[in-house]
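Notes for the one structure printed next.
The values are calculated or read from the model by the stated rules, or taken from the named source; none is laboratory data. Remember, it's a predicted structure, so these values are computed and weren't measured experimentally. Note that each Cβ is placed from the backbone with ideal geometry, even for glycine, and that neighbours are counted across all protein chains shown.
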Amino acid sequence: MTDTTTRARTAIVTGSASGIGAATVLELARQGYRTVGIDINAEGAQATAREAAHINALMHTSCSADVSDEPQVVKAFEQALAFLGRLDVLVTSAGVAETTPFMDIPVASFRSVYEINVIGTFLCIREAAKRMQTGGRICTIASVAGLRGGGLSGTAAYAASKGGVLALTKSAARALAAQGICVNTIAPGATLTPMIAEHWKNDAHRTRVESMSVLNRTADPREIAAGIVFLVSPQASSITGSTLVADNGLMMY
């Protein structure tokens, strides 16, 4: 391993196969990080790692895991640390959406969304914190749905789970402060990822949601990734327990 590789900051990004997670891996690579992506979609995560390797000459790889499965998460973090050597940054982008109307959501679906979006985030924070030193940084991914209770595309189960991520982030920031680890979250508005691509085929729905923001547009995943990379950078060393809202001005209303 070269000195440059040894000195490079390291990051684990969950949900790295597509969307905001993939964009974050690539943005971290542009900033000179070594990365490990974790995703249940092994092929997609590998493709992102290969793309990251084309951006910088450092080492990038991926692991396959379901973030709601505790043994799989523990194993993935062990593999990631064996590859990286140390851990500076965690980004918990793995998540699922749920758009079933309030009165029609099956309890099993609600539980599944919660297990992935909230418990999955918790497990990854816990395993990262075990392996981080002072100066470690964690960024979770919430949503404006968690701030406003849905009303866009995601409905009750999704909004409740993202509200859970907001509270979990603050709790983690309090618990990990003594270790010198900062924990923040980003709350995106509508962002053009595979999660909403199908809904955006409905022009009327897309127009309604976009018109709710002052910039009247949908964000690109790379724009959200830029905010994440700032929050996990040394430049954000005094920020913890905070929520960066990246929603094109939707929450101004």
*Take the residues of the range 211-253 that are in a helix (DSSP H, G or I) and over 24 Å from residue 27 (Cβ atoms): which is modelled with the lowest pLDDT?*
252
*Condition test on residue 213, is it of a type outside the set (A, V, I, L, M) and surrounded by 20 or more Cβ atoms within 10 Å (Cβ to Cβ)?*
yes
*asked:* As an exercise: evaluate residue 150 against (1) part of a loop (DSSP other than H, G, I, E, B); (2) within 24 Å of residue 66 (Cα to Cα) and give the number of the one condition it does not meet.
replied: (2)
*asked:* Quick test for you: out of 73, 25, pick the one residue that is within 18 Å of residue 141 (Cβ to Cβ) and touching a Leu at 6+ places or on another chain (Cβ under 6 Å).
replied: 73
_Residue among 65, 42 that is aliphatic (A, V, I, L, M), surrounded by fewer than 24 Cβ atoms within 10 Å (Cβ to Cβ) and more than 22 Å from residue 184 (Cα to Cα)_ = 42
*When you scan the range 171-202, how many residues do you find that are assigned to a helix (DSSP H, G or I), surrounded by 16 or more Cβ atoms within 10 Å (Cβ to Cβ) and touching a residue at least 60 places away in the same chain (Cβ under 8 Å)?*
4
_Condition check: surrounded by 15 or more Cβ atoms within 10 Å (Cβ to Cβ), within 24 Å of residue 10 (Cα to Cα) and touching a residue at least 60 places away in the same chain (Cβ under 8 Å). Does residue 58 satisfy that?_
no
*Quick one: in the range 115-138, of everything that is small (Gly, Ala, Ser) and in a helix (DSSP H, G or I), which residue is farthest from residue 39 (Cα to Cα)?*
129
*For the range 138-162, what are the residues that are touching a strand residue (DSSP E or B) at 6+ places or on another chain (Cβ under 7 Å), more than 15 Å from residue 175 (Cβ to Cβ) and not aliphatic (A, V, I, L, M)?*
139, 143, 146
*Quick check: is even one residue across the range 130-144 on the phi > 0 side of the Ramachandran plot, at pLDDT below 95 and over 17 Å from the mean Cα position of the chain (by Cα)?*
no
*Just one of (1) surrounded by fewer than 21 Cβ atoms within 10 Å (Cβ to Cβ); (2) closer than 19 Å to residue 91 by Cα; (3) not β-branched (Val, Ile, Thr) trips up residue 147, so point out which.*
(2)
